[in-house]
1. Give the residues of the stretch 22-32 that are open to solvent by less than 70 Å² (accessible area, probe 1.4 Å), under 19 Å from Phe3 (Cα atoms) and not in a helix (DSSP H, G or I), sorted by residue number.
2. Taking interchain pairs and intrachain pairs at least six residues apart, which have beta carbon atoms under 6 angstrom, with the first residue in the stretch 1-21 and assigned to a helix (DSSP H, G or I) and the second surrounded by 10 or more Cβ atoms within 10 Å (Cβ to Cβ) and modelled with pLDDT under 70?
3. Can you pull out every residue in the stretch 33-52 that is assigned to a strand (DSSP E or B), of a type in the set (Val, Ile, Thr), open to solvent by 40 Å² or more (accessible area, probe 1.4 Å) and under 24 Å from Glu10 (Cβ atoms)?
4. I need a count of the residues in the stretch 53-73 that are outside any strand (DSSP E or B) and modelled with pLDDT under 95.
Amino acid sequence: SHFTDARTRETFDLPPARFEIGLVTEDVAAAYARAVQAGMEAVVAPVTKPWGQTVGWVRDGQGILIELASPME
């Protein structure tokens, strides 16, 4: 339910071929901006979830999803 774009949905709808890496950071927005500036593909801009955690996703050059997330409280 996190992803609405077709390319990312394919990652979950097709047989497993890839994986997601999760990284925890205190400043998700800054990490997301640095990643995109460095050439990562923007997938989902940082958003604060109902449980208080901020998350965002980028994709590297090989198509691997990278979740940037604030610590769980």
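The values are calculated or read from the model by the stated rules, or taken from the named source; none is laboratory data. These figures come from a predicted structure and were not determined experimentally. Note that each Cβ is placed from the backbone with ideal geometry, even for glycine, and that neighbours are counted across all protein chains shown. Areas reflect the complete protein model, heavy atoms only, side chains present, ligands, DNA and RNA absent. Shrake-Rupley method; radii C 1.70, N 1.55, O 1.52, S 1.80 Å.
1. Here is the first cut: in the stretch 22-32, the ones open to solvent by less than 70 Å² (accessible area, probe 1.4 Å) are 22, 25, 28-32.
Filter again for under 19 Å from Phe3 (Cα atoms), leaving 22, 28-29, 32.
Gly22 - this is the single residue of the stretch 22-32 that is open to solvent by less than 70 Å² (accessible area, probe 1.4 Å), under 19 Å from Phe3 (Cα atoms) and not in a helix (DSSP H, G or I).
2. Thr11/Arg18
3. At the first step, the residues of the stretch 33-52 found to be assigned to a strand (DSSP E or B) are 41-48.
From what is left, the residues that are of a type in the set (Val, Ile, Thr) are 43-44, 47-48.
Keeping just the survivors that are open to solvent by 40 Å² or more (accessible area, probe 1.4 Å) gives 47-48.
Scanning the stretch 33-52 gives a single hit, Val47.
4. We begin by selecting, within the stretch 53-73, every residue outside any strand (DSSP E or B); these are 53, 60-64, 70-73.
Add one more test, that the residue is modelled with pLDDT under 95, and what stays is 60-64, 72-73.
So the answer is 7.
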